[in-house]
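Structure first, commentary second.
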Amino acid sequence: MSTDFYQLIDRLADTRHLSLREWETLVDSFNADIASYAANKALTLRKAVYGNDVYIRGLVEISNICKNDCLYCGIRHSNRNCDRYRLSSDQILDCCKVGYSLGFRTFVLQGGEDPYYTDDVLCGIVSSIKSAYVDCAVTLSLGERSYNSYKRLFDAGADRYLLRHETANEEHYKQLHPENMSYRSRMECLKTLRKIGFQVGCGMMVGSPYQTSKDLAKDLKFIQEFSPDMCGIGPFIPHSDTPFKDFPAGSAEITCYLLSLIRILKPNILLPATTALGTVDAFGREKGLLAGANVLMPNLSPTSVRKKYSLYNNKICTGEEAAECLRCLSERIKKAGFHIVQSRGDIITATKGV
Ligand code: 5AD
Ligand code: FES
């Protein structure tokens with residue numbers, strides 16, 4: 001009976017294409033056996049493209065000030081209990097300096113939609129980083145901006161942009177966001193970023209409130225069609241100061257299963273084992289790598305602000321210095337059979353047989 005599911009996974013590997021129905025069948029068929037079948041296939045494909053290499057990105061959480069009010073997010077505008085901060089250009093450059101000496105060759109500037117970071121301010125930061133560290137890539141994860149803004153940031157040297165689509169079902173999008181945010185503008189931004197020339201990342205939470213398996217199937221179909229360079233997926237984790245505080249966290253196992261399916265769908269995709277995955281499961285990041293992920297994003301933010309960048313409760317690694325965290329992670333992933341490489345970690349586009 002269940003052989004159909006295995007055949008679907010094989011067909012996904014062969015054709016990199018499934019119908020929405022088929023995706024839904026795969027999502028619904030989740031169990032430990034299917035997940036391990038998918039993980040083996042994913043791992044083989046990942047090894048064909050990236051070997052045992054793990055790319056690292058130094059995450060700098062530049063601001064927890066946000067004009068948006070996403071219902072799931074701990075730094076949402078309405079959260080009066082959030083202790084707000086923003087990093088100055090010098091503080092951000094200091095983080096990159098520490099990161100560079102630790103071997104990071106990609107810096108990810110992530111933050112809420114904070115109006116302080118005008119195009120002028122951000123372009124100044126991006127071009128300073130790029131001229132100080134010519135062998136590094138800069139990734140931005142700063143939410144929705146205009147075409148002109150994205151274009152200026154790209155021209156200032158930013159290489160990549162992460163903007164999770166959050167859900168590929170417009171109705172579900174409305175359940176996760178306030179009325180002034182729209183699924184369409186999110187999708188428009190993703191297309192704009194692609195058109196400008198960024199390497200683009202989308203992604204979603206797993207187990208977010210009201211999410212159905214059809215929603216996840218739509219996410220996978222969207223990923224199939226959009227074919228992003230990067231895809232960030234992690235379990236939803238409730239934050240006690242949000243309207244979603246009483247919803248349960250998403251499952252690490254299903255997240256890993258989806259990581260495997262995404263790897264099989266696009267063998268060369270850059271796929272992080274996220275901090276959220278490491279938060280719901282003590283070995284989540286290792287499990288994510290074993291399911292097909294190939295990227296880790298250790299935190300380079302100053303320890304003084306780490307706890308304040310609280311998108312969800314119980315986030316890991318908020319007390320450790322960057323160096324300590326990297327040492328810990330390197331050892332942990334070595335035990336899982338992988339090793340960290342010191343490079344920009346761009347997507348590999350031409351590989352034999354895949
Ligand atoms: N649980 C898990 N992930 C979250 N994010 C925001 N809030 C949460 C939460 N409560 C994710 C969103 C966002 C990314 C930066 O963090 O998907 O795009
Ligand atoms: Fe951060 Fe282990 S990875 S302390």
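Observations on the structure shown:
- Computed label-point distance, nm, for sites E179 and S304 using a 7 Å Cα→Cβ extension: 4.1
- Loop-resident chymotrypsin sites (Phe, Trp or Tyr not before Pro) (DSSP state other than H, G, I, E or B) in the stretch 104-159 with no more than 12 further Cβ atoms inside 10 Å of their Cβ: Y116.
- If only the Cβ of Lys and Arg carry +1 and only the Cβ of Asp and Glu carry -1, the dipole of the stretch 3-341 around its Cα centre is close to 440 debye.
- If the chain linking I348 and D135 were pulled fully straight, counting 0.36 nm for each residue of separation and taking away their Cα-Cα distance, it would gain 75.0 nm.
- Distance in nm between pseudo-label sites at D28 and N40 (7 Å out along the Cβ direction from Cα): 2.6
- The stretch 242-307 shape via C-alpha gyration tensor axes, a/c threshold 1.5: oblate
- Degrees separating the helix 89-102 axis from the principal Cα axis of the chain, which is the longest one: 50
- Net length gained if the chain between T212 and S89 were fully extended (0.36 nm per residue, minus Cα distance): 40.1 nm
- Antiparallel bridges, percent of DSSP beta bridges restricted to the chain (to nearest 5): 5
- Distance violations [Cα-Cα > 29 Å] among K245/K307; K67/K191; K67/K195; K218/K245; K245/K335: K245/K335
- Note on the stretch 297-354 and the stretch 33-94: Cα centroid distance 9 Å, given to the nearest whole angstrom.
- Where a label projected 7 Å from the Cα of F226 along Cα→Cβ would reach, residues of the stretch 136-169 with amide N under 18 Å: 139-147, 150-151, 159-169
- Among I316, L216, G250 - extreme Cα towards positive end, dipole of the chain, charges at beta-carbon: I316
- Shape category assigned to the stretch 205-340 from the gyration tensor of Cα positions, a/c cut at 1.5: oblate
- Environment charge at A217 (Cβ cut-off 11 Å; Lys +1, Arg +1, Asp -1, Glu -1): -1
- Given +1 at the Cβ of Lys and Arg, -1 at the Cβ of Asp and Glu and no other charges, the dipole of the stretch 1-102 around its Cα centre is 400 debye to the nearest 20.
- Per the Debye formula on identical point scatterers at the alpha carbon atoms of the stretch 3-341, with no solvent, log10 I(q)/I(0) at q = 0.07, 0.09, 0.12 Å⁻¹ is -0.26, -0.44, -0.82.
- F283/R16 FRET efficiency (R0 22 Å; Cβ-Cβ; nearest 0.05): 0.15
- GNM flexibility winner over the chain from T106, T192, T255 (Cα, springs under 10 Å): T192
- Calculated [222 nm] ellipticity per residue, helices only, for the chain: -13500 deg cm²/dmol; basis is -39500 (n - 2.57) per DSSP H run with n ≥ 4, divided by all residues, nearest 500.
- Spin-label model, Q7 to N314: label points 7 Å out along the Cα-to-beta-carbon direction sit 4.1 nm apart.
- Environment charge at R184 (Cβ cut-off 14 Å; Lys +1, Arg +1, Asp -1, Glu -1): -3
- Normalised by the number of residues in the chain, the mean separation of alpha-carbon contacts (under 8 Å, six or more apart) gives a relative contact order of 25 percent.
Values quoted throughout were computed directly from the atomic coordinates according to the rules given, and no laboratory measurement underlies them. All values derive from a computational prediction rather than experimental measurement. When we count neighbours, we look across all protein chains shown, and the Cβ atoms used for this are built from the backbone with ideal geometry, even at glycine.
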